[in-house]
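What follows is a single structure, written as structure tokens, with notes after it.
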Amino acid sequence: MCGIVGYLGDKNTKEILLSGLKELEYRGYDSAGIAVLQDGEFSIYKAVGKLVNLEEKTKEFITDKFAVGIGHTRWATHGKPTELNAHPHLGESSYVVHNGIIENYAELKQKLQEDGVKFLSQTDTEVIVHQFEKNLLACEDGFKAFSKTISELEGAYATLIVTASLPDTIFFAKHGSPMLVGVNDEDEKFFASSDSPLIGLAKEVNYFEDGDYGYVTKDELVIYNKNAEKTKPNFSQLSTDKLSAQKDGYRFFMEKEIYEQSDVIADTLIGRLSDEEIVFDEIDKNLFDGINEIKLCACGTSYHSALSASYMFERYSKIRCSVEIASEFRYRSPIMAKDTLFVVISQSGETADTLETLKMAKRANLKTLVICNVDNSSMVREADACILTRAGIEKGVASTKAFATQVTVFWMLSLYVAKLRDSLTTDELKYQIHLLRETPVATKVSDEIHEKIKRLSKRYLHGHGFFFIGRDIFFPLALEGALKLKEISYLHAEGYPSGEMKHGPIALADPELFTIALLPEHLLYEKSKNNVEELSARDSTICAISAKEFDKADDFIKINPCKDYMLEFFEMMIVVQLLSLEISIRLGNDVDMPRNLAKSVTVE
Ligand code: F6R
């Protein structure tokens, strides 16, 4: 979610770091910073907000000789977006930048504090640099100290460290967050968390594997793998096209974001799951005192995630829950009961209709909570409490990973409330938490399924309409599938509850009506199957998505067998997203910039 760059060489270090950060700014932009070690002296610059603020601060700073430098653009996870929390973080005479989350930072921090170390920031990252300096003091060997530090960290990270006593060295480690190093014939070394900053600078690059760590100097690139064995770099050529580099080789940002879902869901879960309960440090437990109803309000895809949430809140937390479309809610003189928690959901945090409903709830003195992807957005600033979804910046106009992380947050929140209200047994809670931990696996895209959908998509480029159908929590997923398809393919699609088709829409059934049927094995399977058979009997073309073979379908997309319907939900989410993507690509549409749509709808 953040961006890292590093440089070792004789050229203009400041410019190389800043222009690298510019390429990564889309990943996070609540603060940025650089640390440059030149002539044995560190120069540090940090600024809150967009990169231009850092550029402004470094205007007078000149780098015209050999230097090592590291830089970072931040998307806050631990601690607010302030200058103190911006990277690079300082120890006594070393600096660190880091992407990811150090899960055992609290433990490490406590020990360091007991040793008298003073912490300046609220971040998890700062422990890395202090831990490194503690080890350096003990062994007086930079690489040994770094290796020991890495072995002491738990969690996901990509990190770079520079230290005053080794002014020609950058230490690096990668575990769970991406990072690569680039080299050229002029003995320069470049680091970044994705390709694009290195284009035009590095001749060839090495993508680190999880567990890799080591160091660079002018003459050396030393890599050790996760088994502490020295390995050779595996160099490859870099693409020369910046836009395609930002897309990491995917055809569209939407495709890349579909593939990212497994990782961003893992980010959403980090630090929030213990064995028997959900931990939301960011919200006060009193938030739910006196609350007897939850009202969810949002637009578009966020509305669909809210609708999914209503099934979870009533089923797991046993609390009354209602869901509202923001543009409707704001003009219909709604009743605002004081025992209601008003929750808005928004990827951007700026959607005008949703923001207005939040203001209405505040005026009515309701407690408010926002589930949002953009820290510091208008909704985050307005609401009493906030849970960030941690999806990273979503570039595709058609929302995918934002939806996935919103549903994940709601799943966790429903269990959090279940614990407060004692509505699930400890064993039930443990089971749900176990399932949550499996969600990143359920959302990994398999080549096999993607290939199947690619092939099958050619049969769905015409017709007089699509019905995505599902029951229970699969109904909001059907709505979301239909919305994805219409947004980017411009084909007519509707989401409908499976059991409701016979009350009208079944009249449309013929071979040119395409039914995309969501058939989870573990939730109302027989009932849903009967509904699909009714459509099949009337000659609608059926594409069934299920883990269980279904012989009444014209096309069948088999998901992996899962132990619970919630995991089936996430597996099917991937399928409906990919299906829309492939249909749209076959129709020759611009998937990332569909006609008539905008990423953030800040007008009514
Ligand atoms: C659909 C989509 C839109 C948004 C809607 C709300 O793919 O992106 O339907 O979900 O405009 O936007 P946020 O979530 O930013 O409030």
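The values are calculated or read from the model by the stated rules, or taken from the named source; none is laboratory data. Note that the structure is predicted; figures quoted are calculated from it, not measured. All Cβ positions, glycine included, derive from the backbone under ideal geometry; neighbour counts span all protein chains shown. Protein only, heavy atoms only, side chains kept; ligands, DNA and RNA dropped before computing areas. Shrake-Rupley method; radii C 1.70, N 1.55, O 1.52, S 1.80 Å.
In this label model, Asp554 and Asn376 are separated by 5.1 nm, measuring between points 7 Å along each Cα→Cβ vector. In this simple spin-label model, placing a label point 7 Å from the Cα along the Cα-to-Cβ direction at both Asp339 and Asn225 gives a separation of 6.1 nm.
The order of Met573, Met336 by accessible area, most exposed first and with a 1.4 Å probe, is Met336, Met573. Amide H contacts under 5 Å for Ala156: Ile101, Glu103, restricted to partners 5 or more places along the chain or on a different chain, H placed in the peptide plane at 1.01 Å from N. Each Cα pair of the stretch 3-246 feeds into the Kirkwood radius, which the Stokes-Einstein equation turns, at 37 °C and 0.692 mPa s, into a diffusion coefficient of 187 µm²/s. Compared with the direct C-alpha span, the chain from Thr82 to Lys458 gains 130.3 nm at full extension, assuming 0.36 nm per residue.
Only helices enter the 222 nm calculation for the chain: every DSSP H run of n ≥ 4 contributes -39,500 (n - 2.57), and dividing by all residues gives -11000 deg cm²/dmol, rounded to 500. Sequentially through the stretch 298-309, phi angles give Karplus couplings (6.51, -1.76, 1.60; θ = phi - 60°) of 6, 10, x, 4, 5, 5, 5, 5, 5, 5, 4, 4 Hz, Gly and Pro residues having no value and appearing as x. Going by accessible surface with a 1.4 Å probe and the largest first, Lys362, Lys174 read Lys362, Lys174.
By the rule of a C-alpha distance below 12 Å, with chain neighbours fewer than 8 residues away ignored, the aspartates and glutamates paired with Lys118 are Glu92, Glu126.
Computed from the C-beta positions of Lys203 and Ser19, the FRET efficiency with R₀ = 25 Å rounds to 0.90. Amide H to amide H distances under 5 Å link Glu204 with Val183, where only residues 5 or more positions off or on other chains count and H is placed in the peptide plane.
Computed from the Cβ-Cβ distance with R0 of 25 Å, the FRET efficiency linking Glu428 to Lys285 stands at 0.80.
Applying the Karplus relation 6.51 cos²θ - 1.76 cosθ + 1.60 with θ = phi - 60° to the stretch 520-536 yields 3J(HN,Hα) values of x, 5, 9, 8, 6, 4, 4, 4, 5, 4, 4, 5, 5, 4, 4, 6, 5 Hz, where x marks Gly and Pro. What the stretch 3-246 shows is 42 Å² of accessible area per residue, with the surface traced by a 1.4 Å probe over protein heavy atoms. Packing around the peptides 93-106, 211-224, 364-377, taken as the average count of other Cβ atoms within 10 Å per residue, puts them in this order, highest first: 93-106, 364-377, 211-224. Seen from Leu8, the other residues with C-beta closer than 13 Å to its C-beta sum to a net charge of -3, counting Lys and Arg as +1 and Asp and Glu as -1. For the pairs Lys502/Lys529; Lys22/Lys65; Lys22/Lys218; Lys285/Lys318; Lys218/Lys247; Lys454/Lys548, flag any whose C-alpha to C-alpha distance is greater than 19 Å. The answer is Lys22/Lys65; Lys22/Lys218; Lys218/Lys247; Lys454/Lys548. One decimal place: the segment Lys118-His503 gains 131.8 nm when fully extended, by the rule 0.36 nm per residue minus the C-alpha distance. Length gained on full extension, Met593 to Asn184, computed as 0.36 nm times the residue gap minus the Cα-Cα distance: 143.6 nm.
Here is the size of the stretch 448-604 from its Cα atoms: Rg then Dmax, 14.9, 47 Å.
Computed 3J(HN,Hα) for the stretch 566-575, one whole-Hz value per residue from the Karplus formula 6.51 cos²θ - 1.76 cosθ + 1.60 where θ = phi - 60°, is 5, 6, 4, 4, 5, 4, 6, 4, 4, 5, glycine and proline marked x. Based on the convex hull around the alpha carbon atoms, the stretch 419-481 presents an average projected area of 6.7 nm². In the structure shown, the pairs Lys109/Lys174; Lys11/Lys189; Lys144/Lys174 are assessed against 19 Å; a Cα-Cα span above that value is assigned to Lys109/Lys174.
If you take every DSSP beta bridge fully contained in the chain, what fraction is antiparallel? Give it as a percent rounded to 5.
Beta bridges within the chain, antiparallel portion: roughly 60 percent.
Net charge in the neighbourhood of Cys543 (other residues with Cβ under 9 Å of its Cβ; Lys, Arg +1, Asp, Glu -1) is -1. Once the convex hull of all Cα atoms in the chain is built, its volume per residue stands at 160 Å³. For the chain, carbon and sulfur atoms together expose 48% of the accessible surface, with a 1.4 angstrom probe and every protein chain in place.
Computed from the Cβ-Cβ distance with R0 of 45 Å, the FRET efficiency linking Lys218 to Arg437 stands at 0.55.
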